[in-house]
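Some notes on the structure that comes next.
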Amino acid sequence: MKTLWQNCHITTMAHGTYSIIEDAAIVTSGERIHWIGPQAQLDQAGLDSVVDLGGAWVTPGLIDCHTHIVFGGNRSGEFEQRLQGVSYAEIAAAGGGIASTVRATRAASLESLYASAERRVRHLLKEGVTTLEMKSGYGLDLESERKLLQVIRRLGNTLPVTVRSTCLAAHALPPEFADRSDAYIDHVCQEMLPALAGEGLVDAVDAFCEYLAFSPAQVERVFITAQQLGLPVKLHAEQLSSLGGSSLAARYHALSADHLEYMTEDDAIAMAAAGTVAVLLPGAYYFLRETQLPPMDALRRHGVPIAIATDLNPGTSPALSLRLMLNMACTLFRMTPEEALAGVTLNAAKALGLGASHGSLEVGKVADFVAWDIERPADLAYWLGGDLDKRIIRHGVESSI
Ligand code: DI6
Ligand code: FE
């Protein structure tokens, strides 16, 4: 079944740049791209249907490569407290923060977690997101982490979106292991990861490397276990302080190191050599009113691929819009709209290990694309949120989300 999508302009994002084709067309065959190029060079033979895109700008489907979208409760009360001057650390010390979301998540049924996450996922899908990573990490015991990962798998099986599932059991120390963080890491490595991976619930393993979470030595044990299980790793690193987590991630050929405000030039060199993607999260930077910027010049100079994501979570980035993150990446981190778009397409695909099949519009890749009613590609990063008119095509079929 071959479909021609004609009368458009395309930013293919091949090689992580716009790579514009004006007056272009795409031919899909089933769920793959069969042909793409200037419309004038198209051979019309053998087509089954034709769709006129009315002069739209076509981009690859957007990819949100870092979210904690499945959780119980919400923390808008803590947001109010923080606005009155109580710090994130003080809230955490008083039993709030991640611990309060863990309590609410443990208490919630699989059905209610599914329902609340589905509503959040729909916000992203309506914006043109066609691939989405979701992390566990608010369960912190085997049964609750399994519940989160099952919700993630069910979202991927039910909604029109490609889902990658990441196990973040090493996100925070659960209360039953208070003051015994090494014992919790033993539990993660010996019990949780083998069981969850064995059940087919895990596509990648993540951890939170920070002075208020887990040390590089503890993270390394998690990485070794992941490696033994044949799973790729990712890492929350250098968000609040510089511990060398991103260099550690590079040593384990991590798909990505994420946050990175406090990373050093040596970390950038190590990441570039390993092909580890830098995932920047401007929503968390903004919401926590951080002032330390990620080292954009070092990342660019050493050629580290840069992705952008929402980090959608109840504590530090309740961001329901990936497109808003494009604007924040430009305004706050001084990225160009072209770099920002690469950050939610090709580089985001690489951060999920999907670079060969997703993230750019090239022959043989999956036909996930969005036809936007905009004047220029930079409009995507220019408008602050809002629901831009668009048509979303997933696996070669127009999707009506
Ligand atoms: N970094 C973050 O910003 C979130 N998790 C992480 O590892 C915080 C999650 C939360 O506060 O609930
Ligand atoms: Fe995160």
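Values in this text are rule-based calculations from the coordinates and carry no lab data. From a predicted model like this one, the values you see are computed outputs, not experimental measurements. A quick note on method: Cβ atoms are made from the backbone with ideal geometry, for glycine too, and the neighbour counts reach across all protein chains shown.
Highest mean packing first, where packing is the average number of other Cβ atoms within 10 Å per residue, the peptides 182-189, 108-115, 162-169, 197-204 line up as 162-169, 182-189, 197-204, 108-115.
Each residue of segment 221-236 was assigned a 3J(HN,Hα) from its phi angle through the Karplus expression (A = 6.51, B = -1.76, C = 1.60, θ = phi - 60°), giving 5, 5, 5, 4, 5, 4, 4, 5, 8, x, 10, x, 10, 9, 8, 7 Hz with x at Gly and Pro.
Computed from backbone phi, the HN-Hα couplings of segment 7-24 come to 6, 8, 10, 10, 9, 6, 6, 4, 6, x, 10, 3, 6, 6, 10, 8, 6, 10 Hz, rounded to whole numbers (Karplus: 6.51 cos²θ - 1.76 cosθ + 1.60, θ = phi - 60°; Gly and Pro given as x). With the simple spin-label model, which puts each label point 7 Å out from Cα in the Cβ direction, the MET296 to THR264 separation comes to 2.4 nm.
Taking the Cβ of each residue in TYR138, TYR285, TYR18 as the centre, tally the other Cβ atoms inside 10 Å and list the residues starting with the fewest. Could you put the intermediate results ahead of the total?
On the way: TYR138 31, TYR285 24, TYR18 18.
Sorted ascending by nearby Cβ count, the order is TYR18, TYR285, TYR138.
Taking the centroid of alpha carbons for each part, segment 352-398 and segment 71-114 are 34 Å apart. Taking other residues whose beta carbon is less than 15 angstrom from the beta carbon of LEU354, and scoring Lys, Arg as +1 and Asp, Glu as -1, yields 0.
Using only Cα atoms, figure out Rg for segment 270-338 and give it as a multiple of 2.2 N^0.38 Å.
Working: Rg = 12.2 Å, N = 69, 2.2 N^0.38 = 11.0 Å.
With N residues counted in segment 270-338, Rg over 2.2 N^0.38 Å equals 1.11.
Quick check: convex hull of the Cα atoms in segment 352-401, volume per residue, rounded to a whole Å³? Write down the numbers at each step before the final one.
Values: hull volume 5.8 nm³, N = 50.
In segment 352-401, the Cα convex hull volume per residue is 117 Å³.
What is the gain in length, in nm to one decimal, between GLU362 and GLU143 on full extension, counting 0.36 nm per residue of separation less the C-alpha to C-alpha distance? All intermediate terms of the calculation are to be shown ahead of the outcome.
Values: separation 219, 0.36 × 219 = 78.84 nm, distance 4.16 nm.
Gain in length upon complete extension: 74.7 nm.
Of all DSSP-defined beta bridges confined to the chain, some 45% are antiparallel rather than parallel. Taken one residue at a time, the phi angles of segment 131-142 give Karplus couplings (6.51, -1.76, 1.60, θ = phi - 60°) of 9, 9, 9, 9, 10, 7, x, 10, x, 6, 9, 4 Hz. Gly and Pro are set to x.
Each of LYS126, LYS234, LYS365 was scored by other Cβ atoms within 10 Å of its Cβ. Arranged with the fewest first, they read LYS126, LYS365, LYS234.
Report for segment 225-309 the percent antiparallel among DSSP-assigned beta bridges with both residues inside it, nearest 5. Show your work: numbers first, answer last.
Details: 0 of 10 bridges.
Counting only bridges with both partners in segment 225-309, antiparallel ones make up about 0 percent.
Expressed as a fraction of 2.2 N^0.38 Å, the C-alpha radius of gyration for segment 1-114 is 1.82.
Take the Cβ atoms of ASP182 and GLU31, set R0 to 60 Å, and the FRET efficiency comes out at 0.85.
At q = 0.07, 0.08, 0.10 Å⁻¹ the log10 of I(q)/I(0) for the chain amounts to -0.31, -0.40, -0.63, computed by Debye summation with a single uniform scatterer per C-alpha, solvent ignored. Counted residue by residue at 0.36 nm each, then reduced by the alpha carbon distance between them, the extension gain from VAL86 to ALA40 reaches 10.4 nm.
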